[in-house]
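Written out below as structure tokens is the structure these notes cover.
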Amino acid sequence: MSRQFLAEGLELSGGDYGVVAVVAVVALAALAVGYVLLREVLAAGQGTPKMQEIAKAVQEGAAAYLKRQRNTLSIFGVVVFLLLFALPAEGWSERIGRSLFFLVGAAFSFTIGYLGMWLATQANLRVAAASREVGGRETAMRVAFRTGGVVGMITVGLGLFGAAIVVLAYAGQAPKVLEGFGFGAALIAMFMRVGGGIFTKAADVGADLVGKVEQNIPEDDPRNAATIADNVGDNVGDCAGMAADLFESYAVTLVAALILGSTAFGKDGLLFPLIVPGIGVITAVIGVYITKARSGENGLVTINRSFYISAIISAVLCAVAAFLFLPSSFAGFGADHASIGGNPAVIATVSVIIGIVLAAVILRLTGYFTGTEHGPVKNVGKTSETGPATVILSGISVGFESAVYTAVVIAAAVFGAYLLGGMVALFAVALAGTGLLTTVGVIVAMDTFGPVSDNAQGIAEMSGEVDEKAAQILTELDAVGNTTKAITKGIAIATAVLAATALFGSYSDSIAKALATAGQAAASLPATFLNNIVSANTLVGVIIGAAVVFMFSGLAVNAVSRAAGAVVFEVRRQFRDIPGIMEGTTRPEYGKVVDIVTRDSLRELATPGLLAVFAPIAVGFGLGTGALAGYLAGAIATGTLMAIFLANSGGAWDNAKKLVEDGNHGGKGSEAHAATVIGDTVGDPFKDTAGPAINPLIKVMNLVSVLIAPAVVQFSIGPDASLGVRIAIALVAVAVIVVAVVVSKRRSTVIAEPASEKAEPAKAG
């Protein structure tokens, strides 16, 4: 039985089904633990009536946004659901399953995002209230981290449960059906990332530019009409968006591992990738419950210690599972495998450990480049003494440098797993990805900790009902949260690369199988691939793949710029036209700013989404399979560097601002402070909109390529070959992209400057 098609006719025994059933039960146990943590968070005190009033406004704004986003995304979901039926499949069972589980993946992704948002809006109030109590620092930190723990448990629980159910229902056909599951999760996550990122950063940038820079009032001053929208944005962007992002990373990595595992090892390769994240559920529970702040200890040290402990436990348990579950040689996997040297259990163990170590190294690297206690951020803060230009230049430098080191570390992990795996190299890479997945529960908790702490500080400042000690506690937690958010973005990028590399192998297998189905001899497949790779088409594909990442990033940043402009005009209008705002006697019209950013963020969703889906279709049908492979390679390489650069430069600017606000380089209100505020506003769409959205972008494009590969081959060779059909499909895809980009460019997004504002400004004094 050939390596490519070992999974065909795969049947599971009763014992195999028992293993999958146990994994499903573990997934349900994760959901149960999440519920227990949820009850604990909601039992915490809710503070004063004023704090509750502010929190309610944030809750209502976040819920209204996600409701409207759900309606928008439903249209995309229905269209893609129908399109999946048109793609080639081996029978109607696979075709229906792929489309149905696309909806399941999409629904799970949105549900996790919504839950993350909802719980964060409940917890931010409780964290602010906890800071006022005796032992407030430890209590506030526990509530914030266990809020993240709830989302982490739901993420790993639903991801693992969905995959297990597909394997139980479809056995050998499960990998193809899981393509739909992963695609649904990735597509919705990308939309939530882009939409939430535009929302949160448009409000944040607009609030900072008018409030901090023009009016010289604090960040979360209730007199600023954009403050509620800013706090809402933290939840729909950082909580809903990141939760959905990490869920789709979880789902897509599992999809890649199961596809390649069943191809390489048959049923053993189908089951082991489910066991590894099942172990991750156990270690996630341990990681969440051992996170307890010690008196006088930096919060980041506490969180990092829990991460490392849970990672070590994961490595040990995965090694035990590999030697118990996998055979000691390749002899039982057919003639092609008999010649492979090494021990499958050893290869699997080391591959999983590579993924776990990768997560730990990225944690250290990202913490170094974005933490307030390290040289890079201190240097950015120091440059604030010479103005905003040097702040921006130094932050860009940090982003560029950190991207190199992080990309080299990720590449080393991929290459190490690849060398280790030999003939099953890509499966080894996928196992490294599943190893990294064992830390996802703690990673989600770390990420949610950030926006919850940020919102808690905002509620406290807007209410004015916390003392100096409580305010200092919340400021410290906010700074820790900035770093944990940057760390989780770095780890999410690593999962994207590992999943994309593994999916790249799935793409090649899909092409090989399609070629064989079309009548090309298996012996000629290597030569066919070589001819496709060594060609101008492939180089063109690489360039286009890289260019799409730049276009996607530009569209996201530009959308924030336009929407932020609308916010600036609205906040200025309210300060100018509504008497009593600056005196604090009149309540600003918060709802108008929420409406502006909701409208603009949702109508900006379509263009990046259409670009991600239709660009690989245009390249695949227009230039062929080799060019599409090049396209994926270009997108993965460029996307990795771009995402790290954007995330880390933005994180460095944000924490440099925190350094100045803590009293360094002149403190709040100084020219240095104004310079770091400008740097932070530049970094906001970098780190919270464009950068994080690249992760699901890469995986969406890979999954689209895997899904369309059989159709590309079908219309390229064999009895169904038709150059006309291919060109027609490619031209339609290009036309869709061009129209979407042109409409986006021409859209009048920024509110027209009011006539009264164009008049001669009032003279000072």
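The values are calculated or read from the model by the stated rules, or taken from the named source; none is laboratory data. For clarity, every value in this text was computed on a predicted model and none was experimentally measured. Every residue, glycine among them, receives a Cβ derived from its backbone with ideal geometry; neighbour counts consider all protein chains shown.
Some observations on this one:
- Residue within the stretch 685-696 that is of a type in the set (D, E), modelled with pLDDT of 85 or more and in a helix (DSSP H, G or I) present: no
- Condition check for G634: at pLDDT below 85, over 16 Å from the mean Cα position of the chain (by Cα) and surrounded by fewer than 24 Cβ atoms within 10 Å (Cβ to Cβ): no
Residue by residue, here is whether (1) closer than 29 Å to I188 by Cβ; (2) not acidic (D, E) holds:
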site	(1), (2)
M117	yes, yes
A120	yes, yes
L125	yes, yes
E133	no, no
E138	no, no
M141	no, yes
G149	yes, yes
I154	yes, yes
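- Contact annotation: residue pairs with Cβ atoms under 7 Å, 6 or more positions apart or on different chains, pairing a residue in the stretch 434-452 that is buried (at least 24 other Cβ atoms within 10 Å of the Cβ) with a partner that is charged (D, E, K, R) and in a helix (DSSP H, G or I), are D447/K485; G450/D238; G450/K485; P451/D234; P451/D238.
- Residues within the stretch 97-154 that are small (G, A, S), assigned to a helix (DSSP H, G or I), over 19 Å from P696 (Cα atoms) and touching a helix residue (DSSP H, G or I) at 6+ places or on another chain (Cβ under 6 Å), tallied: 11
- Qualifying residues in the stretch 67-92 (those that are small (G, A, S) and touching a helix residue (DSSP H, G or I) at 6+ places or on another chain (Cβ under 7 Å)) - the one surrounded by the most Cβ atoms within 10 Å (Cβ to Cβ): A89
The rows are residues; the columns are (1) closer than 26 Å to E465 by Cα; (2) assigned to a helix (DSSP H, G or I); (3) basic (K, R); (4) modelled with pLDDT under 85.
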position	(1), (2), (3), (4)
L6	no, no, no, yes
V23	no, yes, no, no
V58	yes, yes, no, yes
G61	yes, yes, no, yes
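- Members of the stretch 263-289 found to be of a type in the set (S, T, Y) and at pLDDT below 75, listed by number: T263
- Among the candidates T434, T517, T439, residue that is of a type in the set (V, I, T) and at pLDDT below 80: T517
- Listed by first and then second residue, the pairs linking a residue in the stretch 618-629 that is touching a residue at least 40 places away in the same chain (Cβ under 8 Å) and at positive phi to a residue that is surrounded by 24 or more Cβ atoms within 10 Å (Cβ to Cβ) and in a helix (DSSP H, G or I), with Cβ atoms under 9 Å apart and 6 or more places separating them unless they lie on different chains, are G624/G541; G624/V712.
- Residue match in the stretch 213-232 (condition: more than 24 Å from A24 (Cα to Cα), touching a residue at least 24 places away in the same chain (Cβ under 8 Å), in contact with a Lys or Arg (Cβ under 8 Å, 6 or more places away or on another chain) and small (G, A, S)): yes
- Where helices (runs of 4 or more DSSP H) sit wholly within the stretch 226-321, those with at least 1 residues that are among the aliphatic types (A, V, I, L, M) and over 30 Å from P588 (Cβ atoms) occupy 240-265, 267-289.
- Criterion applied to A185, A189, A164, A202 was being in contact with an Asp or Glu (Cβ under 8 Å, 6 or more places away or on another chain), part of a helix (DSSP H, G or I) and under 30 Å from S13 (Cβ atoms), and the one residue passing it is A185.
- Flag for S249 being closer than 13 Å to G105 by Cα, modelled with pLDDT under 80 and either surrounded by fewer than 24 Cβ atoms within 10 Å (Cβ to Cβ) or not basic (K, R) (or both): yes
- Looking only at the stretch 466-488, residues that are touching a helix residue (DSSP H, G or I) at 6+ places or on another chain (Cβ under 6 Å) and among the acidic types (D, E) come to 1 in all.
- Taken over the stretch 567-586, the criterion of being outside any helix (DSSP H, G or I), surrounded by fewer than 19 Cβ atoms within 10 Å (Cβ to Cβ) and in contact (Cβ under 8 Å) with a residue 60 or more places away in the chain is satisfied by M582, G584.
- Filter pass, I354 being outside any helix (DSSP H, G or I), touching a helix residue (DSSP H, G or I) at 6+ places or on another chain (Cβ under 6 Å) and either under 21 Å from A432 (Cα atoms) or at pLDDT 85 or above (or both): no
- Residues of the stretch 32-66 classified as surrounded by 14 or more Cβ atoms within 10 Å (Cβ to Cβ) and of a type in the set (K, R), total: 1
- So A728, is it assigned to a loop (DSSP other than H, G, I, E, B), hydrophobic (A, V, I, L, M, F, W, C), at pLDDT 65 or above and surrounded by fewer than 17 Cβ atoms within 10 Å (Cβ to Cβ): no
- Checklist (1) part of a helix (DSSP H, G or I); (2) more than 25 Å from the chain's Cα centre (by Cα); (3) among the aliphatic types (A, V, I, L, M) applied to I217, failing item: (1)
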